[in-house]
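Report on one structure; see the data block that follows.
Just so it is clear, none of the values below were taken in a lab; they were calculated from the coordinates. Here the structure is a predicted model, which is why all the values come from computation and not from measurement. Virtual Cβ from ideal backbone geometry, glycine too; neighbours counted across all protein chains shown.
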Amino acid sequence: MMPPAHAGLERVPADAESPAGAAALLARVRERRPLVHCITNTVTQNDVANALLAIGAAPVMAHAVEEVEAMAEQADALVLNLGTPSLATVDAMMRAARSANGAGIPVILDPVGAGATPFRTAQIDRLLTAARVACVRGNAGEIAAVAGRPSEVRGVDAAAAPAGGAPDLAGGLARRLRCVIAETGPVDLITDGTRAVRLAHGHPLLARITGGGCMATACIGAFAAVEPDTLRAAVAGLACFELAAEQAGESAAGPGSFRVALFDALAALDPATVAARGRWGLEPAPEPRGVTG
């Protein structure tokens, strides 16, 4: 088995949660080209693979229960996406996640549509109970549902998202699950229960195409593959994806041209641009309260 892509690497400087730190991690992704194993949904699978290629990672989209354990062991990160769940798919995810846990490979979970149906919510709970997850990335409604709170979810979309997220809820969930929570919306909130970062990057056209959140989660996986501090990886992965979306939006005429421009912008994104255009900083996470489970 190949060692993880972050093996033997020095960590980025102490301010790694800053734009300069994200720029350094982007350079590391491009240098190491980590293998990201994705068990993702059938609607956005191709876009997820293209986004990973554009950011500098190597995607593999292996879903068959007969091979997911072996593939996860070879990978540098595992990304699980519940966009189109079935019992067979979730069983494959469970096998892959346990294999990744055994090999010390980070697992990134996208609980798409959590709270929309009892079946979907139960499958997400199964995964979180059976495997160690490094990061959960979802919208406000999904994160609330994972935390056991009532949420407004219509299909797989949150009906409303508070700017800056719900820090007490996200922080408490991060502590309970012992992972990073990346709640995305108009302002993203990324927290491990002790530290927190808010990102106000991105573009409105991300909400007009399928797969915006799925691609963002995959980018977190690419960065977690090369950086063992998951909070730093999640901040850098989301920020790079959203900065590329901003650049794509500058030239796009609508959702169709934006989707194409997004892949181009991800491929063209360079560390200097991330360091120059990024606007965020580290802050202490508030004391969590009111999280069930």
Q: Scan (i) 72, 40, 39; (ii) 94, 46, 41; (iii) 43, 43, 40 for the value of Cα extents along the principal axes in Å calculated from this model and give just the label.
A: (iii)
Q: Note down the magnitude of the dipole of the chain about its Cα centre, charges +1 on Lys and Arg C-beta and -1 on Asp and Glu C-beta and zero elsewhere, to the nearest 20 debye.
A: 340 debye
Q: Using θ = phi - 60° and the Karplus relation 6.51 cos²θ - 1.76 cosθ + 1.60, list the HN-Hα couplings for the range 111-124 in order, rounded to whole Hz, with x at every Gly or Pro.
A: x, 4, x, 3, x, 6, 9, x, 4, 4, 5, 5, 5, 5
Q | Length-normalised contact order of the chain in % [C-alpha pairs under 8 Å, at least 6 apart] | A | 23 percent
**Q.** Stretchable slack from T210 to E250, in nm (0.36 nm times residue separation minus alpha-carbon distance)
**A.** 12.5 nm
Q) Farthest toward the dipole's positive end in the chain, which of Q74, L282, V43, given Cβ charges of +1 (Lys, Arg) and -1 (Asp, Glu) about the Cα centre? A) L282
Q. Using θ = phi - 60° and the Karplus curve 6.51 cos²θ - 1.76 cosθ + 1.60, what whole-Hz ³J(HN,Hα) does each residue of the range 236-241 get, with Gly and Pro shown as x?
A. 5, x, 5, 4, 5, 4
